[in-house]
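The structure appears below as structure tokens.
What follows draws every value from the coordinates through simple rules; no lab data is involved. Not measured: the values here are computed from a predicted model. When we count neighbours, we look across all protein chains shown, and the Cβ atoms used for this are built from the backbone with ideal geometry, even at glycine.
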Amino acid sequence: MRITIQLLAAIVVLAFSAEVATADDPTPGKQVAQSLEVKAKADGDEKVTLHYWLYLPKAQDMGESAHAPLMLFLHGAGERGDDLEAVKKHGPPKLVEGQPDFPFILISPQCPRGERWQPAQLVQLVDHVVKTQHADPNRLYVTGLSMGGYGTWSLVAAYPDKFAAAAPICGGGNPETAERLKDLPLWVFHGEKDSVVPAQRSKEMDAATDNAGGTPKLTLYPEANHDSWTTTYNNPELYT
């Protein structure tokens, strides 16, 4: 009887482990939790673990042999921490919960509490997903809101040739990096009445990139405060 109980316990443990592994396996049409160990800095040995949501489009929506475009979404400061569910509060990871035909591979990482987005870590995550999920390396896009808007600007400034386009929302960047961004399609969004991140931050980046020879597009919402992302992410033209 003692052996039987031990065997049953082992079977239960194995079954539970298999269920957890299966739940986290990438599944087309479903957003699943993932994690990846990356270098904390591009030139260092220290490692950190990124936790993120991964959504894969359904095969029939992208063609059986096609490589899907990839979208990286960077959340704002309020969603930092260790509760991955918080990342679904705004933007694309919220939308795909009710939109299983979303046509992009979507990566939505979570930034640890008290930290900021690190371009070197994010690009390792993108490279991993491109390699393992057969994303189209010529159609990589990044977007983010508030702190994620700042993260978007810093990521494309660090890796301007990596992405096909970027859409920073209510964020800001360093105007001195504009020369690196002149060949990148940019669609910038901000609320004119933003009391958290002044719209001037986006205007400065738009003007600097334009002066550097780029052709950024700036959309300002005259009556919007900080939440300029809901309207933006609900706009089908953004994804087109």
Label-point separation (nm) for D101 and K58, each offset 7 Å from Cα along Cα-to-Cβ?
0.8 nm
Cβ-Cβ FRET estimate between A212 and A164, R0 fixed at 22 Å, reported to 0.05
0.70
Percentage, to the nearest whole number, of Cα pairs in the chain over 27 Å apart
37 percent
Note on the chain: contact order normalised by length, alpha-carbon pairs under 8 Å, 6 or more apart, percent, works out to 15 percent
At least 30 Å along the helix axis (C-alpha) and Kyte average at least 0.0, DSSP helices within the chain:
2-24
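Peptides 76-84, 115-123: what's the order by average Cβ count within 10 Å, highest mean first?
Working: 76-84: 16.3, 115-123: 18.4.
Top to bottom by mean Cβ count within 10 Å: 115-123, 76-84.
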Give me the mean projected area, in nm² to one decimal, of the convex hull enclosing the Cα positions of the stretch 85-153.
5.2 nm²
